[in-house]
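The values are calculated or read from the model by the stated rules, or taken from the named source; none is laboratory data. As the structure is a computational prediction, the values presented were derived from the model and not from experiment. All Cβ positions, even for glycine, are placed from backbone atoms using ideal geometry, and neighbour counts span all protein chains on display. Protein only, heavy atoms only, side chains kept; ligands, DNA and RNA dropped before computing areas. Shrake-Rupley method; radii C 1.70, N 1.55, O 1.52, S 1.80 Å.
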Amino acid sequence: MNILIYVILGILLISIRQVNQYQRGVMLTLGKFTGVKGPGWRLVFPIFQSMRRIDIRTKAVDVPDQEAITKDNVSCRINAVIYYRVTDAAKAVLEVENFWMAVSQLAQTTMRNVVGQLMLDELLSQRDEASTRIREIIEKDALAWGLEILNVELKDIQLPEDMKRTIAKQAEAERERRAVIINSEGEVAAAENLRKAAEILASSSGALHLRTLNSINDISSDQSNTVVFAVPLEVLRAFEKWGGKT
């Protein structure tokens, strides 16, 4: 009788399994699913029962570099990181063999497909939208596996060296174009202001003469400047005639 009690106690001791707070235990009895166990000590009788502990904390999966071709036939290498967590431990065990590997492989395929639908300029300037499209596609299949895709972030986009040089030349040409446009707009504004000033001077008698005298006064303040004052030829001839009469 004592031996039987010891045997029963031994079986109970070896049947104890601990499920941590961040885990859920998927219980199988005689090969059939019998429930999901919460945190605490659980009895799992050998031979008849088995339990697999599933971590429900948020996980980060690093998607390795993928060679992809954009919609405008530019080859590039991209990698990403996926944040997900298990929301249904039963589905994560019963519906897929290895959910971690399944998510990684699905992300690699989806990432290549999404990049193939985007132009290179769209991929570089709208990375958040590309990440959102990848997450939405992965999430459709991941829901059946009891997973929730929290976020997908494109980490790096690597381009060939010749394409980098081409993009740099394009950016330089764009900056030069903007500089020429700004310069021409400034010249147009200056010409418009000069036209308005000329109209004001022409409409006031003596204004042009006063402006000329004011300019000469400004120049004469610096002794190093030489002022050449243009005198109309008619004035010189008038002085000659006046000198001849005297």
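Look through Leu150, Leu124, Leu118 and report the one residue that is open to solvent by 50 Å² or more (accessible area, probe 1.4 Å) and either closer than 24 Å to Ala92 by Cβ or modelled with pLDDT of 85 or more (or both). Outline the logic, then answer.
Details: Leu124 fails: either closer than 24 Å to Ala92 by Cβ or modelled with pLDDT of 85 or more (or both); Leu118 fails: open to solvent by 50 Å² or more (accessible area, probe 1.4 Å).
The unique qualifying residue is Leu150.
For the range 40-69, what are the residues that are in a loop (DSSP other than H, G, I, E, B) and either within 40 Å of the chain's Cα centre (by Cα) or aromatic (Phe, Trp, Tyr) (or both)? Show your work before the answer.
Residues of the range 40-69 in a loop (DSSP other than H, G, I, E, B): 44-48, 56-58.
Within the range 40-69, Phe45, Phe48, Ile56, Arg57, Thr58 qualify.
Spot the failing condition for Glu139; the list is (1) at pLDDT below 85; (2) assigned to a helix (DSSP H, G or I), and only one is missed.
Condition not satisfied by Glu139: (1).
For the range 153-178, enumerate the residues that are open to solvent by 60 Å² or more (accessible area, probe 1.4 Å) and either at positive phi or in contact with a Cys (Cβ under 7 Å, 6 or more places away or on another chain) (or both).
Selection gives Gln158 alone.
Of all residues being of a type in the set (D, E, K, R) and out of contact with any strand residue (DSSP E or B) (no Cβ under 6 Å at 6 or more places or on another chain) in the range 127-147, which is most open to solvent (accessible area, probe 1.4 Å)? Just the residue, please. Walk me through it before giving the result.
Within the range 127-147, the subset of a type in the set (D, E, K, R) is 127-129, 133, 135-136, 139-141.
Keeping just the survivors that are out of contact with any strand residue (DSSP E or B) (no Cβ under 6 Å at 6 or more places or on another chain) gives 128-129, 133, 136, 140-141.
On the way: Asp128: 113, Glu129: 108, Arg133: 86, Glu136: 92, Lys140: 155, Asp141: 74 Å².
Top of the filtered list is Lys140.
If you check Leu43, Leu13, Leu30, which single one turns out to be open to solvent by 70 Å² or more (accessible area, probe 1.4 Å), in contact with a helix residue (DSSP H, G or I) (Cβ under 7 Å, 6 or more places away or on another chain) and either of a type outside the set (D, E, K, R) or at pLDDT 90 or above (or both)?
Working: Leu13 fails: in contact with a helix residue (DSSP H, G or I) (Cβ under 7 Å, 6 or more places away or on another chain); Leu30 fails: in contact with a helix residue (DSSP H, G or I) (Cβ under 7 Å, 6 or more places away or on another chain).
Result of the check over Leu43, Leu13, Leu30: Leu43.
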